[in-house]
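*Asks:* Pasting a structure below so you can have a look.
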Amino acid sequence: MHTLKIDNLYVEIDGKEILKGLSLEINSGEIHAVMGPNGTGKSTLSKVIMGDKNYKITKGNIYFDNENINDLTTDKRSNLGLFLGMQLPMEISGVTNADLLRTALNIKQGENFSLMPFIRKMDKTVNKLKMDKQMIHRGINQGFSGGERKKNEILQMYMLEPNTVILDEIDSGLDVDSLKIVGDNVMEYYNKSNCSMLVITHYQRLLDYIKPDFVHIMKNGSIVKSGD
Ligand code: ADP
Ligand code: MG
């Protein structure tokens, strides 16, 4: 059982205040959806939870299992089990997807993740997501379409097995078929892992697959309404 608690958070970037007193608590076995218009700070929220240094917390706290993580680096947050599927995953050439995932798993486990189980798990997940097998040997997101990048984020989620999953507009760039594949796989992971999820979207269509327990409406840097 894990808890992510955001308490009266104020965040600014380049001197501009984006989050203005946002509070949210998410427990294992809960799916929370955050919806709201563009530019309200949804992606800012996701990045500040992961410890993106460009965003400055001026007031308020983020707790994971009652530990204040305001000053924790991103890699340490990842090791605690936090994961972000980004709205706009970047392209990084020179490091393959397979290298990234194996290295991340080795660090997370503190020992070498055996090669064969790693390959089996990766192959299985690539098949489930109906990704091209070659993609795991290409540079991270190199030449990937928008939809392929989103599937790649879900591949990372499956491999890293986080306990707290944040998905930032995972539906954008996906066609109808890919949306179903991604939605079904996200729910399968949720059901088998008992993780918690924070799903950011501004389209109802994602919620046909991912059924939230709580829906929060975000406006101008804070949550203005919450319900089921
Ligand atoms: P949303 O995801 O809800 O569309 P964002 O969190 O991406 O909103 O952006 C919220 C506001 O913060 C916007 O006005 C955006 O221009 C601004 N912002 C976000 N990131 C940066 C940045 N790196 N530099 C300057 N302004 C930014
Ligand atoms: Mg956004």
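*Asks:* Provide the per residue accessible area, probe 1.4 Å, for the chain, rounded to a whole number of square angstrom. Kindly include the intermediate steps, with their values, before the conclusion.
*Replies:* Details: 10910 Å² over 228 residues.
I get 48 Å² per residue for this part.
*Asks:* Something else now. Just tell me the longest site-free run in the chain, where the sites are GluC sites (Glu not before Pro) in a DSSP loop having at most 13 other beta-carbon atoms within 10 Å.
*Replies:* Details: sites that count: GLU91, GLU111.
For GluC sites (Glu not before Pro) (loop position, at most 13 other Cβ atoms within 10 Å), the longest site-free span of the chain is 112-228.
*Asks:* Can you pull out the trypsin sites (Lys or Arg not before Pro) in the stretch 89-162 that DSSP calls coil and that have at most 13 other Cβ atoms within 10 Å? Could the numbers behind the result be given before it?
*Replies:* Working: sites: ARG102, LYS108, ARG120, LYS121, LYS124, LYS128, LYS130, LYS133, ARG138, ARG149, LYS150, LYS151; in loops: LYS130, ARG138.
Of the trypsin sites (Lys or Arg not before Pro), the ones in loops of the stretch 89-162 whose Cβ has at most 13 other Cβ atoms within 10 Å are LYS130.
*Asks:* Over the stretch 123-228, what number does the Rg to Rh ratio reach, with both radii from the alpha-carbon atoms and Rh per Kirkwood? It would help to have the intermediate numbers written out before the result.
*Replies:* Working: Rg = 14.4 Å, Rh = 14.7 Å.
Result: Rg/Rh = 0.98.
*Asks:* Here's another thing I want to ask about it. Return the calculated 222 nm mean residue ellipticity for the chain, to the nearest 500 deg cm²/dmol, obtained by summing -39500 (n - 2.57) across DSSP H runs with n ≥ 4 and dividing by the residue count.
*Replies:* It comes out at -10500 deg cm²/dmol, rounded to the nearest 500.
*Asks:* Suppose we look only past 14 Å in the calculated P(r) of the stretch 62-132. What percent of the Cα-Cα pairs does that tail hold?
*Replies:* Details: 1788 of 2485 pairs.
Of the Cα pairs, 72 percent sit more than 14 Å apart.
*Asks:* Separate question: Dipole magnitude of the chain about its Cα centre, charges +1 at Lys/Arg Cβ and -1 at Asp/Glu Cβ only, in debye to the nearest 20? Present the calculation step by step, with values, prior to reporting the outcome.
*Replies:* Details: 28 positive and 29 negative charges, 46 e Å.
Result for the chain is approximately 220 debye, rounded to the nearest 20.
*Asks:* Mind listing the Cα extents of the chain along all three principal axes, in Å, largest one first?
*Replies:* Result, largest extent first: 46, 38, 34 Å.
*Asks:* Enumerate the lysines that LYS150 could reach by cross-link, defined here as Cα to Cα under 18 Å, with residues fewer than 8 away along the same chain left out.
*Replies:* Output for LYS150: LYS42, LYS47, LYS124, LYS128, LYS130, LYS133, LYS180.
*Asks:* Probe radius 1.4 Å, ligands and nucleic acids ignored: give me the carbon and sulfur share of the accessible area of the stretch 13-138 as a rounded percent.
*Replies:* Numbers: 3410 of 6730 Å².
Exposed carbon and sulfur together represent 51 percent of the surface.
*Asks:* Please tell me the relative contact order of the chain in percent, rounded to the nearest whole number, where contacts are Cα pairs under 8 Å and at least six residues apart. Show your work: numbers first, answer last.
*Replies:* Working: 430 pairs, mean separation 69.2, N = 228.
Dividing the mean separation by the residue count of the chain yields 30 percent.
*Asks:* Dipole of the chain (Lys/Arg Cβ +1, Asp/Glu Cβ -1, origin at the Cα centre): which of ASN66, MET131, ASN194 lies farthest to the positive side?
*Replies:* Of the listed residues, the answer is MET131.
*Asks:* Helix 176-193: angle to the longest alpha-carbon principal axis of the chain, degrees 0 to 90, nearest 10?
*Replies:* Roughly 80 degrees, rounded to the nearest 10.
*Asks:* Can you tell me, using C-alpha contacts under 8 Å and at least 6 residues apart, the relative contact order of the stretch 1-76 as a whole percent?
*Replies:* Working: 122 pairs, mean separation 29.8, N = 76.
So the answer I get is 39 percent.
*Asks:* Just how large is the dipole of the stretch 136-177 about the Cα centre, in debye to the nearest 20, putting +1 at every Lys and Arg Cβ and -1 at every Asp and Glu Cβ?
*Replies:* Values: 4 positive and 8 negative charges, 48 e Å.
Here the size comes out at about 240 debye.
*Asks:* Using DSSP to call loops (not H, G, I, E or B), can you name the trypsin sites (Lys or Arg not before Pro) in the stretch 1-92 whose Cβ has at most 13 other Cβ atoms within 10 angstrom? The partial results should precede the final answer.
*Replies:* Working: sites: LYS5, LYS16, LYS20, LYS42, LYS47, LYS53, LYS56, LYS59, LYS76, ARG77; in loops: LYS53.
Those that pass, being in a loop and sparsely packed, are LYS53.
*Asks:* Next question. Within a Cβ distance under 12 Å of ASP177, other residues only, what is the Lys/Arg minus Asp/Glu net charge?
*Replies:* Values: positive: LYS130, LYS151, LYS180; negative: ASP175, ASP184.
Neighbourhood net charge equals +1.
The values are calculated or read from the model by the stated rules, or taken from the named source; none is laboratory data. Just so you know, these numbers come straight off a predicted model, no measurement behind them. Counting neighbours? That spans all protein chains shown, and the Cβs are built from the backbone with ideal geometry, glycine included. Side chains are part of the model used for accessible areas, which takes the heavy atoms of the whole protein and leaves out ligands, DNA and RNA. Shrake-Rupley method; radii C 1.70, N 1.55, O 1.52, S 1.80 Å.
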